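Visitor: Pasting a structure below so you can have a look.
The values are calculated or read from the model by the stated rules, or taken from the named source; none is laboratory data. These figures come from a predicted structure and were not determined experimentally. Heads up, the Cβs are rebuilt from the backbone with ideal geometry, glycines too, and the neighbour counts pull from every protein chain shown.
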Amino acid sequence: MSKPIRVVGSLNMDLVVQVPHQPIAGETVLGSDYTTYPGGKGANQAVAAARAGGQVEMWGAVGSDGFGQSLRDNLEQNGIDTQQLQTLEGSSGIALITVDPSGQNSIVVSPGANGRYTPQRLPPFTPAALLLLQLEIPLPTVLAVAEQAFTQGIPILLNPAPIQPLPGSLLRQIRYLVLNETEAASFTQSPIETPEQAQMAAQRLQQHGIPTVILTLGGAGLAWADGEDRGYLPAHAVNVVDTTAAGDGFCGALAACLAAGGSLQEALRFANAAAALAVTRAGAQTSLAQRAEIEVFLA
Ligand code: ATP
């Protein structure tokens, strides 16, 4: 068995209701029936990596409610190893999403079990090809698992979302930092409006001790800095239907390609294509691309 991609992160059940308008304080609005969609950045990236051909295991926590079992089943249906996924007494993470006719949404996240996934709950760290992290579980857990991976020489890919101040000790342990323009701007405190500025921002972020920094630029593609090199890849011209989870699709596919031994350039090309396919389809996990279609797209 080859070593897995280990995703340590969040799982949420998204509950979506269409509303005629967003309620103001004190108002009750009648909406549609609700629809449930498995989500959470951790789970989305795990599914993206698995569909992109990675052997993936998920560490994290769901609640003892019905959503917990559905979230676990969903990962398993995507071929993800859930042996280390814990079920904690109480609620699963959920996102309550209302969408109005103009497409504007309003979101309330209740972290549930994700917020109770403390460092004490981490199992002993075993070998892995790559550790894939986001910031939707408690920061002390992220720090503890990164420390273990770093000590064992396992490369860490961090997608620092939602953005928050991070200790320098964590940044120095990161091998690949993947972030969007808004997140990068909050780190570098300077505007990122052109591919040139994006490459310079990536280089500035390297000064935290990170060998490889990748800035995703939405429909403008991506900029990267790796060691002394830097560059830019335009996005594919596609028919954009829904950009939800483009970033998660990108991170998962990048992880899958790197873990399989791909070079950074191969992985960027692969992830840029996987994310382009994801934006041509509606939804979060439903839009994530399979390896075969990514390969056909690139052929
Ligand atoms: P999200 O929060 O929606 O998951 P994000 O802000 O983290 O996304 P983006 O920078 O918007 O991430 O997009 C990630 C990658 O997805 C881009 O680098 C690009 O490869 C692809 N992508 C995004 N938008 C488009 C688009 N309009 N056309 C083609 N590719 C796109």
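Visitor: Exactly one of (1) surrounded by 15 or more Cβ atoms within 10 Å (Cβ to Cβ); (2) in a helix (DSSP H, G or I) is unmet by Thr98. Its number?
Guide: The single condition Thr98 does not satisfy is (2).
Visitor: Given the options Ala259, Ala255, Ala273, name the one that is within 10 Å of the ligand (Cβ to nearest atom), surrounded by 15 or more Cβ atoms within 10 Å (Cβ to Cβ), of a type in the set (Gly, Ala, Ser) and touching a residue at least 24 places away in the same chain (Cβ under 8 Å). Can you show your working first?
Guide: Working: Ala259 fails: within 10 Å of the ligand (Cβ to nearest atom); Ala255 fails: within 10 Å of the ligand (Cβ to nearest atom).
Sole residue among the options that is within 10 Å of the ligand (Cβ to nearest atom), surrounded by 15 or more Cβ atoms within 10 Å (Cβ to Cβ), of a type in the set (Gly, Ala, Ser) and touching a residue at least 24 places away in the same chain (Cβ under 8 Å): Ala273.
Visitor: Out of all the residues in segment 210-226, is one or more among the polar types (S, T, N, Q), within 11 Å of the ligand (Cβ to nearest atom), under 19 Å from Phe187 (Cα atoms) and surrounded by 19 or more Cβ atoms within 10 Å (Cβ to Cβ)? Working first, answer last.
Guide: At the first step, the residues of segment 210-226 found to be among the polar types (S, T, N, Q) are 212, 216.
Those still in the list that are within 11 Å of the ligand (Cβ to nearest atom) too: 216.
In the following step, the residues that additionally are under 19 Å from Phe187 (Cα atoms) were identified as 216.
If we keep only those that are surrounded by 19 or more Cβ atoms within 10 Å (Cβ to Cβ) too, we end up with 216.
Looking for residues that are among the polar types (S, T, N, Q), within 11 Å of the ligand (Cβ to nearest atom), under 19 Å from Phe187 (Cα atoms) and surrounded by 19 or more Cβ atoms within 10 Å (Cβ to Cβ), one finds at least one in segment 210-226, hence yes.
Visitor: While we're on this one: Here is a list: Arg230, Arg291. Which entry is surrounded by 18 or more Cβ atoms within 10 Å (Cβ to Cβ), at pLDDT 95 or above and more than 10 Å from the ligand (Cβ to nearest atom)? Give the derivation first.
Guide: Numbers: Arg230 fails: surrounded by 18 or more Cβ atoms within 10 Å (Cβ to Cβ).
Only one candidate qualifies: Arg291.
Visitor: Select, from Gly283, Gly249, the only residue that is within 13 Å of Gly53 (Cα to Cα) and not charged (D, E, K, R).
Guide: Numbers: Gly283 fails: within 13 Å of Gly53 (Cα to Cα).
So the residue among Gly283, Gly249 that is within 13 Å of Gly53 (Cα to Cα) and not charged (D, E, K, R) is Gly249.
Visitor: Of all residues in segment 114-147 being part of a helix (DSSP H, G or I) and touching a residue at least 60 places away in the same chain (Cβ under 8 Å), which is surrounded by the fewest Cβ atoms within 10 Å (Cβ to Cβ)? Steps first, please.
Guide: Restricting attention to segment 114-147, the residues satisfying the condition of being part of a helix (DSSP H, G or I) are 114-116, 119-121, 139-147.
Among the residues that remain, those that are also touching a residue at least 60 places away in the same chain (Cβ under 8 Å) are: 114, 121, 141-142, 145.
Details: Asn114: 27, Arg121: 18, Thr141: 23, Val142: 22, Val145: 22.
Checked segment 114-147; the qualifying residue surrounded by the fewest Cβ atoms within 10 Å (Cβ to Cβ) is Arg121.
Visitor: In this structure, is Ile192 crowded, with 17+ Cβ neighbours inside 10 Å, more than 10 Å from the ligand (Cβ to nearest atom), part of a loop (DSSP other than H, G, I, E, B) and over 20 Å from the mean Cα position of the chain (by Cα)? Walk me through how you get there before you give the answer.
Guide: Values: crowded, with 17+ Cβ neighbours inside 10 Å: yes; more than 10 Å from the ligand (Cβ to nearest atom): yes; part of a loop (DSSP other than H, G, I, E, B): yes; over 20 Å from the mean Cα position of the chain (by Cα): yes.
Here the answer is yes, as Ile192 does meet what is asked.
Visitor: State whether the residues of segment 35-57 include one that is part of a strand (DSSP E or B), modelled with pLDDT of 95 or more and hydrophobic (A, V, I, L, M, F, W, C).
Guide: Yes; the residues of segment 35-57 include at least one that is part of a strand (DSSP E or B), modelled with pLDDT of 95 or more and hydrophobic (A, V, I, L, M, F, W, C).
Visitor: Moving on to the next point. When the residues of segment 233-252 are narrowed to those that are among the hydrophobic types (A, V, I, L, M, F, W, C) and in contact (Cβ under 8 Å) with a residue 40 or more places away in the chain, which ends up farthest from the ligand (Cβ to nearest atom)?
Guide: The initial filter retains those residues of segment 233-252 that are among the hydrophobic types (A, V, I, L, M, F, W, C), namely 233, 235, 237-238, 240-241, 245-246, 250-251.
With the extra rule that they be in contact (Cβ under 8 Å) with a residue 40 or more places away in the chain, the set shrinks to 235, 238, 240-241, 245, 250-251.
Details: Ala235: 4, Val238: 5, Val240: 4, Val241: 10, Ala245: 5, Phe250: 4, Cys251: 8 Å.
Restricting to residues being among the hydrophobic types (A, V, I, L, M, F, W, C) and in contact (Cβ under 8 Å) with a residue 40 or more places away in the chain, the top hit is Val241.
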